[in-house]
Amino acid sequence: MQTCSCHALPVPTEGEEQQAVFQWAALAQGKWSELRLLYHIPNEGKRTAYTGARLRSEGLRQGVPDICLPVPKGGYCGLYIELKRSRNSKTSDAQKEWLEALKAAGNCAMLCKGAEEAIAALKRYLSSGEGEKR
């Protein structure tokens, strides 16, 4: 059965995906109180050259993952998630390098495409200390 692309739902933006993750986290704190420590690392966006230079001098680093849960579980120091849109997204080399460096430093670090993947990863991590799919 073919579907007409003219009626396809729009792909949520990365910001909308992230909002969905944090809305879920706010509701799920009753089960996992650790979610109160979940935060976003505001590392994206267009800036003026002056603002970009100032932020870099204050510690802004290209490629740092979007979401952090600084809670040790299952032998990991914490969880980092690079969140992308569910479709039509690309991961930069800097983002890939950060994920690998964070893993090497003892963190669970992963790429998630869409809010559903990120929420599933958070649930796995909080339940068993494993963020990766088995």
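The values are calculated or read from the model by the stated rules, or taken from the named source; none is laboratory data. Source: prediction; values computed, not measured. The area values use the complete protein model at the heavy-atom level, side chains included, leaving out ligands, DNA and RNA. Shrake-Rupley method; radii C 1.70, N 1.55, O 1.52, S 1.80 Å.
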Entries of Lys46/Lys123; Lys31/Lys84; Lys46/Lys90; Lys31/Lys123 with Cα pairs more than 22 Å apart: Lys46/Lys123; Lys31/Lys84
Helix-only CD estimate at 222 nm, as mean residue ellipticity for the chain, using -39500 (n - 2.57) per DSSP H run (n ≥ 4): -11500 deg cm²/dmol
Assign one of three labels to the chain, namely rounded, prolate or oblate, based on the Cα gyration tensor with a ≥ b ≥ c the square roots of its eigenvalues; rounded applies when a/c is under 1.5, prolate when it is not and a/b is larger than b/c, and oblate otherwise. oblate
Name the residues whose placed amide hydrogens come within less than 5 Å of the amide hydrogen of Ser86, ignoring near sequence neighbours (fewer than 5 apart) on the same chain. Gly114
Amide H neighbours of Ala109 at under 5 Å, excluding residues fewer than 5 places away on the same chain, with H built from the backbone geometry, are Tyr80
Can you send over the carbon and sulfur percentage of the accessible area for the chain, probe radius 1.4 Å, protein chains only? 53 percent
